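Presented below is the structure to which this report refers.
The values are calculated or read from the model by the stated rules, or taken from the named source; none is laboratory data. Note that the coordinates shown come from a computational prediction; the quantities given were computed from them, not determined experimentally. Positions of Cβ are backbone-derived with ideal geometry, glycine not excepted, and every protein chain shown enters the neighbour counts.
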2 protein chains.
Amino acid sequence: MTATLRTALVIGCGTTGTSVALALAGAGVEVALIDDDPQAVAEAAALGAGTAWTPERPPADLVVVATSPSAVVDTLHSAQSRGLGHVYTDTAGTKEIIAADAELRGCDLKGYVPGHPLAGPDAHGRAAADAGRFTARTWVLCPYDTTPDWALETVAALIELCGAHRLDLAPHVHDRVVAELSHAPHLIAAAVSTRFADSSSAFLSLADPGLRAALRTAGGDPWVWSDLLAHNAGPVADVLDRIAGQLGRAAAILREGDDSAPLELALTLEEGRRGQTALDRTSPRTTRGVRTRGRV
Amino acid sequence: MTATLRTALVIGCGTTGTSVALALAGAGVEVALIDDDPQAVAEAAALGAGTAWTPERPPADLVVVATSPSAVVDTLHSAQSRGLGHVYTDTAGTKEIIAADAELRGCDLKGYVPGHPLAGPDAHGRAAADAGRFTARTWVLCPYDTTPDWALETVAALIELCGAHRLDLAPHVHDRVVAELSHAPHLIAAAVSTRFADSSSAFLSLADPGLRAALRTAGGDPWVWSDLLAHNAGPVADVLDRIAGQLGRAAAILREGDDSAPLELALTLEEGRRGQTALDRTSPRTTRGVRTRGRV
């Protein structure tokens, strides 16, 4: 609990919302919960994430909209119209469309800071909810040019209580980053995995443990991911087209079967190894404290 | 050591050859070692994998050719011409071209059983060599129709001493299997990773640990993999073209931006989830003891 964050309302009791609520409640913030599904609220409350919201409550210091991307702006607009809080943020995995739609829809932008904790996608159910879900992870904020300091301070307090570190990015930069690092890789893993949907267990048992690790993300909720992908269409499509082009060229090299094929393939593989090495060398902790806008 | 396998010669002291030699030596087999690089032999010998081969040795019960795919047939032909052993096998990750080339080249097919232990690709250096590398893994054999029982028995003894379980497959079936489960996924991971070769560490630090796990294979030796891929060109190209088509279609759906995009994407993602679930449910142990030919 901090001076700017004594009460919070979390709307959406999936993995992300429940984890936020658990972290805040654990830090002494008084947390109220809303979800379309009363059972979801009851389960989150039973975990210690707070109590069901009731209409007589005064406006919360902070409202966290933890719904799917396609529901954020409706939920935000409705919550602001009803005066449920002083400051608002969201946790959706895409930002450009949401930030623009909130403006078009006439939401109160002075009180709303678009945000995204980078801790994996939301999921139905509370099974993966954890007060430590955001510890040492990056929490992206995409403030408007007009966002006042008092709103930013409240959302910064949320991030601090969740143990995350804040990174401010322009919405389109955020979306390009998650397209490269999360959305496109997920769809690629899903595409590779489709081949195995009707395979024999004798065939699948021959797979190396490394392949299982590589495709694990494809087990994610199809509807959560399709909503994310559709909200980040351009950046994701750019990555997919680029990878499809690379794979098509590699296939053509293999089919030509020239003596130069191993050399040509080795050049791509060597560049891939350089990228893999660079990625592996970079731990998620190195941006701790960085708040440079759009500098990734 | 068994009645049929008292002495062995391992040609090629990379990870695979050294691991085979360590397993055999540990089981009491007298192992001799050959490598183009005398240092590699010395390092393997220092690990307890055997002793450097010398010309006065009698023919070994079994010669294991553990070179790169492109060197197998030359090495086999030369070893047979010099009478270095009674039975021969290899460990290369592709089988159809090698099995056919060995026949075209006039190798003695009665004494040669093409093989491939499924335990990850070979690598330069002995760092990853381990007598337990093949424990509980599948070891594919691709015998010719004319392979006599006495040759199969010796190679089966090798597999048993390495703790692996034998699976007989036709060479083209083996190659299709490894294209799907290993070769194409490796090239896809490399293609995704190329993007990160020159990225800033601030950008890369935003990646989820799951992405690092998914791309780990791309850290493999580019020359080892390009040799493998070029020896399995058709099956790998088929998989790459299929995935490239899937990614291109997903990109087109995203760019069209119809309201139906989330539904269309969810269908692919759902099929991918089914495949991922099927793969995850299948442990490498379920084929233990299976020897069905071409039944995967």
Residue count, the stretch B:136-167 (criterion: surrounded by fewer than 19 Cβ atoms within 10 Å (Cβ to Cβ) and either hydrophobic (A, V, I, L, M, F, W, C) or not assigned by TED's automatic domain parsing to the domain that holds B:V87 (or both)):
3
Residues in the stretch B:142-197 that are of a type in the set (A, V, I, L, M, F, W, C) and over 30 Å from A:H186 (Cα atoms): how many?
15
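Mind checking whether some residue in the stretch B:44-60 is part of a helix (DSSP H, G or I), more than 21 Å from the chain's Cα centre (by Cα) and not acidic (D, E)? Outline the logic, then answer.
Filtering the stretch B:44-60 down to residues part of a helix (DSSP H, G or I) leaves B:44-46.
Checking which are more than 21 Å from the chain's Cα centre (by Cα) leaves us with B:45-46.
From what's left, not acidic (D, E): B:45-46.
Scanning the stretch B:44-60 turns up at least one residue that is part of a helix (DSSP H, G or I), more than 21 Å from the chain's Cα centre (by Cα) and not acidic (D, E).
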Against the condition of a type outside the set (A, V, I, L, M), modelled with pLDDT under 95 and closer than 23 Å to A:G163 by Cβ, how does A:P117 come out, does it pass?
no
The number of residues in the stretch A:53-77 that are more than 27 Å from A:T2 (Cβ to Cβ) and out of contact with any Ser or Thr (no Cβ under 7 Å at 6 or more places or on another chain) is 6
(1) in contact with a Pro (Cβ under 9 Å, 6 or more places away or on another chain); (2) within 20 Å of A:L158 (Cβ to Cβ) all hold for A:A52 apart from (2)
Determine the pairs where a residue that is within 27 Å of A:T94 (Cβ to Cβ), located within the stretch A:182-204, has a partner that is assigned to a loop (DSSP other than H, G, I, E, B) and not charged (D, E, K, R) with Cβ atoms under 7 Å apart, the partner being 6 or more residues away or on another chain.
A:H183/A:N232; A:H186/A:G220
Check on B:A184, within 19 Å of the chain's Cα centre (by Cα), more than 7 Å from every other protein chain (Cβ to nearest Cβ), surrounded by 24 or more Cβ atoms within 10 Å (Cβ to Cβ) and among the aliphatic types (A, V, I, L, M):
yes
Since B:A136 meets every condition but one in (1) in contact with a Pro (Cβ under 8 Å, 6 or more places away or on another chain); (2) among the aliphatic types (A, V, I, L, M); (3) in a helix (DSSP H, G or I), which condition does it not meet?
(3)
Hey, does the stretch B:206-229 have a residue that's of a type in the set (A, V, I, L, M, F, W, C), closer than 22 Å to B:C107 by Cβ, in the same structural domain as B:S68 (by TED's automatic domain parsing) and buried (at least 19 other Cβ atoms within 10 Å of the Cβ)?
no
Pairs with Cβ under 8 Å, 6+ apart, first in the stretch A:86-107 and closer than 16 Å to A:V140 by Cβ and in the same structural domain as A:V155 (by TED's automatic domain parsing), second in a helix (DSSP H, G or I) and of a type in the set (D, E):
A:T94/A:D175; A:K95/A:D175; A:E96/A:D175
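Being closer than 30 Å to A:A218 by Cα and part of a loop (DSSP other than H, G, I, E, B): is that true of A:T94 here? Walk me through it before giving the result.
Values: closer than 30 Å to A:A218 by Cα: yes; part of a loop (DSSP other than H, G, I, E, B): yes.
Yes, satisfied.
Hey, can you tell me all the residues within the stretch B:228-276 that are among the acidic types (D, E) and either at the interface with chain A (Cβ under 7 Å from one of its Cβ atoms) or touching a residue at least 12 places away in the same chain (Cβ under 8 Å) (or both)? Talk me through it step by step, then tell me what you get.
Of the stretch B:228-276, the ones among the acidic types (D, E) are B:238, B:241, B:256, B:258-259, B:264, B:270-271.
Matches in the stretch B:228-276: B:D238, B:D241, B:E270, B:E271.
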When you look at B:G120, is it on the phi > 0 side of the Ramachandran plot, in contact with an Asp or Glu (Cβ under 8 Å, 6 or more places away or on another chain) and not in a strand (DSSP E or B), yes or no?
yes
